[in-house]
Each structure stands twice: as structure tokens, then as C-alpha cells.
Amino acid sequence: MVSLEDEPEIYENFEDVSDRKAASRRSVEDFKVPAAAPGMKMNRLVVVSLGLLCILQAALIIYLISQQNSLTEERDQMKRNNLDLKASGKNLTEERDDLKRTVKDFDLEAQLKMTVSQQNSLTEERDKLKRINLEMVATNKNLAKERDDLKKSVTPLGWKYFSSSLYTISSIRKNWQESRDDCLQKGADLVIVNSREEENFLSQFHETMWIGLTDLETEGTWKWVDGTPMTERYWGPGEPNGRTSENCGDIKQYDVGKRWNDANCNIKVCWTCEKKVSP
Ligand code: 2F8
Ligand code: CA
């Protein structure tokens, strides 16, 4: 009988193919391991252990592969989820921006509404004030008329009342300075024309008459007797034309509207005095 320990020796001795063939033809019996040999047992144990180890390793590999697959799947799922989240995030951002715009529009609309309502209230207020103003103007007009009527009723004989002044025209003729002196004596002065209305009022005195206008002080610079410069001017056609020889103003019977003339201060004409009265 040949033991396993002797096997190498057996094969080592098969020098050529014929020897090996010969060996293979040997009866199986020749290679049977003795059942109770302790070395064999050990070998079996090793083989079994190795087999188990292989199985264990294979199982581990399978487990790891399955784990890997599952992780890959999980990763892919997460990637998909991530993409979904990104997309939904984009949608949410868009939605948020839309909402922001809507809120802004709403604010603007609200502001506009407020402005419109404020405008309406202002318009109402303005209209109310307009009505009040019209009423006040009417009242004022009535009061002014009442006042004028009262003034007229107390107007001294020979004087005429117009817009807070009394006027009188002389019935005789004098030069400019004497005429002025007469007015001053009466507590008045030669008339000063401040408006078109006053000018028109004077047109009722159908006479050539001195007015309180002169350029005696400075040739060409016409001033009123109270020292104020001439602002309103109703010179007749071509007037003033007298230069140094005509330094006093009178009203001639030219066209109504433009009747002033510069005349020699020494000629004698009528004159009109004006006395201011409290309004
Ligand atoms: O034609 C205008 C002219 O008329 C008179 O002279 C002719 C006046 N003279 C007097 O009133 C004294 C001028 O002053 C006036 O320019
Ligand atoms: Ca003149």
C-alpha cells in the first residue's frame, strides 16, 4: 500500500508517458486512502474549511455586489430625486417671482386707487371751495355796491364818487400850478389816473382839464403829483410832443381812450381834483 505522503515519490518516479499510463491503469484499490488515517482527516478538514471559506467568500462577494447594486440604484434614485428637486425648485422660484410681481402690482393698484380716491376728494374739495368762492365774490360785490351807494349818499355837493375817491371839476380855467393849488386847498390834488376804469370815469367831464402829471423836474420823465412814476399811459395820437415847452399833462377831448396831451403849463384850462376817501 502507498500512503499520500508517498505520492510525490510515486509520481516523481513516472519518468515517461508509458509509466504514467501504467500508473493510471493501476487498480483504484491501489490508491484508496485508509479510513482511519489521521493525516487524511486533517486534509479533509482543510479541504472542507477551504471549501467553506470559498463559499463564504462567494457569499460575501454576492452580498457586496448586491450592496453595490443597491447603492448604485440608491445613488441613481437620489440623482433623479435631485433633478426633480431642482426642477420643482425652479418652479417654486418662478412661482415666488410671479407672486412677488403680483404683490407689487397689487401694491401699485392699491396706491393708484388711493391716489384716485385722494384725487376725487381733492376735486370735491376744490369744487366746494369754488362754490364758496363764487358765493363770497357775489356777497363781496353786493357789499361793495352797498358801500358805494352809501358813499354816494354822503358825497358832498359838486363831487363825484368813484372807487374810494371823490372828484370835482372846476367851472373856471387856470394854469397848471394855480389849478393844483386849488385842489390842495380843498384837501385834494390834481387827479392821478391809475386805471383804465378811472380814465373812462373821467370821460364824463366834457372839458379840457389839467391832470396831476408833469415832467417839469426832468424833461421826458413824467411823474404824478404824489411822486409816483407814470405806469398807465393814455397819450393821444403823437403825444407827448411839446418837449421843453409843454411840461404839464391835460386831458383833451380826443378819442375816448387816448386823450392825454402835454401842454404848456401856463395855459388856462379847467382842472379836476381827486380826494381819496377811506374805502
Ligand atoms: O395837435 C396836437 C396839439 O394841439 C395843440 O397845439 C396846437 C396842443 N397845445 C395846447 O393844447 C396848448 C398841443 O399840445 C398838441 O400837441
Ligand atoms: Ca402836446
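Of the numbered conditions (1) closer than 30 Å to residue 144 by Cβ; (2) of a type in the set (S, T, N, Q); (3) under 60 Å from the mean Cα position of the chain (by Cα), residue 218 fails exactly one; give the number of that condition.
Every condition holds for residue 218 apart from (1).
Of these, 71, 150, 64, which one is more than 49 Å from the chain's Cα centre (by Cα), under 30 Å from residue 277 (Cα atoms), in a helix (DSSP H, G or I) and of a type outside the set (D, E, K, R)?
150
If you scan the range 205-220, which residues turn out to be open to solvent by 70 Å² or more (accessible area, probe 1.4 Å) and within 14 Å of ligand 2 (Cβ to nearest atom)?
The one that is open to solvent by 70 Å² or more (accessible area, probe 1.4 Å) and within 14 Å of ligand 2 (Cβ to nearest atom): 219.
Evaluate the following for residue 199: is it among the acidic types (Asp, Glu) and within 16 Å of ligand 2 (Cβ to nearest atom)?
Values: among the acidic types (Asp, Glu): yes; within 16 Å of ligand 2 (Cβ to nearest atom): no.
So residue 199 does not fit the description; no.
Quick one: in the range 246-279, which of the residues that are of a type in the set (Gly, Ala, Ser) and surrounded by 11 or more Cβ atoms within 10 Å (Cβ to Cβ) is farthest from ligand 1 (Cβ to nearest atom)?
Once the filter is applied, the top-ranked residue is 257.
Filter the range 221-245 down to residues that are open to solvent by 20 Å² or more (accessible area, probe 1.4 Å) and within 16 Å of ligand 1 (Cβ to nearest atom), then give me how many there are.
Residues in the range 221-245 being open to solvent by 20 Å² or more (accessible area, probe 1.4 Å) and within 16 Å of ligand 1 (Cβ to nearest atom): 11 in total.
Check 238, 257 and return the single one that is within 16 Å of ligand 2 (Cβ to nearest atom) and either part of a helix (DSSP H, G or I) or of a type in the set (Gly, Ala, Ser) (or both).
The match here is 238.
Any residue in the range 246-270 that is under 14 Å from residue 201 (Cα atoms) sitting within a Cβ distance under 9 Å of a residue that is among the basic types (Lys, Arg) and open to solvent by 60 Å² or more (accessible area, probe 1.4 Å)? List the pairs, counting only those 6 or more apart or interchain.
Listed by first residue and then by second, the contacts come to 257/196; 259/252.
Would you confirm, using the coordinates I've provided, whether residue 184 is more than 55 Å from the chain's Cα centre (by Cα) and assigned to a helix (DSSP H, G or I)? I'd like the intermediate steps shown before the answer.
Numbers: more than 55 Å from the chain's Cα centre (by Cα): yes; assigned to a helix (DSSP H, G or I): yes.
It is true that residue 184 is more than 55 Å from the chain's Cα centre (by Cα) and assigned to a helix (DSSP H, G or I).
Determine if the range 243-252 includes at least one residue that is small (Gly, Ala, Ser) and either touching a strand residue (DSSP E or B) at 6+ places or on another chain (Cβ under 9 Å) or within 16 Å of ligand 2 (Cβ to nearest atom) (or both).
Yes, the range 243-252 has at least one match.
The values are calculated or read from the model by the stated rules, or taken from the named source; none is laboratory data. What you see is a predicted model; the values in this text were computed from it and never measured. When we count neighbours, we look across all protein chains shown, and the Cβ atoms used for this are built from the backbone with ideal geometry, even at glycine. Side chains included, ligands, DNA and RNA excluded: accessible areas come from the protein's heavy atoms. Shrake-Rupley method; radii C 1.70, N 1.55, O 1.52, S 1.80 Å.
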